[in-house]
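What follows is a single structure, written as structure tokens, with notes after it.
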Amino acid sequence: MDLKLDHHSEDSLTIVEVEGEIDVYTAPRLRELLIDLVNKGNFHLLVNMEKVDFLDSTGLGVLVGGLKRVRAHDGSLELVCTQERILKIFRITGLTKVFGIYASVDEAKEAHGRDK
Amino acid sequence: MATVELTFSALPAHVRTARLLATAIARRTGVEESLLDEVRLAVGEACSRAVEAHRLHCPGEPIRIELCDDSGRFEVIVTDSAPSDEQGRDYTSLRFDDPLGQLPGTLMSGFGIAVIVGLADDVEVFPSQKGMRIRMSWPAAAGGLSPV
């Protein structure tokens, strides 16, 4: 399955909807979107990965790159993910300590509201 | 005994083909369904790393993948021709205590192998000046499944 990307803003949070496979072929599109959002002043990003079928280290690198960019503006990049096969990759690489990972968009929005 | 061999040019689009092929053969070899996601990801990681290395060093050279069904194991060997500068590194104990502080290239290469080590039941990495060879295997049904 190819990669589908969409995004919308809710208050100060920009929600990025990702669907399909994030790999060495498709990850550059996600990288471009994250860079574009940050360049346009969106520094609080929430990436919804509930419809992601496949994620590899290239995708992880893009997410880490996005996190570095938003942190340079005191921003945040957090994830919504409950799929065990995706979470396992974050655990193997130790990235569960780096990203805030939530079970739903609502839960992430609530946490973001508390942190504001 | 090698049952399937595939060579492909160093294009990111071919990585998906390689991992689909590996998953299909793993299933046919009798690898448990619960392990197929791990096979798919580990093979994809090895092929992605090889594609990135070839694009830097030798974009015209093909990457080779061998998928073997031998002695109740499903074995995959990914071989590239890009000189590896990572000789002597201990790939079995990669840690990422500061992923945000690492250089992107180091991060990507290290992440890929760390993911393979974390996923495959048995992994060996052989870096050399002639290229890197990654061998990984998983338990499979003895003799594999019927090809029907």
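The values are calculated or read from the model by the stated rules, or taken from the named source; none is laboratory data. Keep in mind the model is a prediction, meaning the values are calculated, not measured. Every residue, glycine as well, gets a Cβ built from its backbone with ideal geometry; the counts of neighbours run over all protein chains shown.
Which residues, taken from the range A:37-51, are of a type outside the set (V, I, T) and under 13 Å from A:G65 (Cβ atoms)? Lay out the reasoning, then the answer.
Looking only at the range A:37-51, we keep the residues that are of a type outside the set (V, I, T), and these are A:37, A:39-46, A:48-51.
Within the range A:37-51, A:L37, A:L45 qualify.
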Legend entry - Selection within the range A:80-102 - under 18 Å from A:G66 (Cα atoms) and either touching an Asp or Glu at 6+ places or on another chain (Cβ under 8 Å) or within 8 Å of chain B (Cβ to nearest Cβ) (or both): A:V80, A:C81, A:I89, A:T93, A:G94, A:L95, A:V98, A:F99, A:G100, A:I101, A:Y102
Legend entry - Scan of the range A:63-78 for residues that are closer than 27 Å to B:L41 by Cα and away from chain B (no Cβ under 14 Å), ordered by number: A:E78
Legend entry - Out of B:E52, B:E124, sole residue that is more than 12 Å from the chain's Cα centre (by Cα), modelled with pLDDT of 60 or more and either within 12 Å of chain A (Cβ to nearest Cβ) or not in a loop (DSSP other than H, G, I, E, B) (or both): B:E52
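Condition test on B:E38, is it farther than 14 Å from B:H14 by Cβ and within 13 Å of the chain's Cα centre (by Cα)? Walk me through it before giving the result.
Values: farther than 14 Å from B:H14 by Cβ: yes; within 13 Å of the chain's Cα centre (by Cα): yes.
It is true that B:E38 is farther than 14 Å from B:H14 by Cβ and within 13 Å of the chain's Cα centre (by Cα).
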Legend entry - Unique match (being β-branched (V, I, T), surrounded by fewer than 17 Cβ atoms within 10 Å (Cβ to Cβ) and modelled with pLDDT of 95 or more) among B:T7, B:T23, B:T3: B:T7
Inset, instruction - Looking at (1) touching a His at 6+ places or on another chain (Cβ under 9 Å); (2) free of Cβ contacts under 8 Å to residues at least 12 places away in the same chain, find the lone condition where A:T14 falls short. - result: (2)
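Counting residues that are buried (at least 19 other Cβ atoms within 10 Å of the Cβ) and small (G, A, S), which helices (runs of 4 or more DSSP H) fully inside chain A reach at least 1? Before the answer, list the steps.
Values: elements: A:27-39, A:57-71, A:84-92, A:105-115.
Correct list: A:27-39, A:57-71, A:105-115.
Can you tell me which residues in the range A:27-62 are of a type in the set (A, V, I, L, M) and within 11 Å of chain B (Cβ to nearest Cβ)?
If the condition is that a residue be of a type in the set (A, V, I, L, M) and within 11 Å of chain B (Cβ to nearest Cβ), then A:A27, A:L55, A:L60, A:V62 are the ones that fit.
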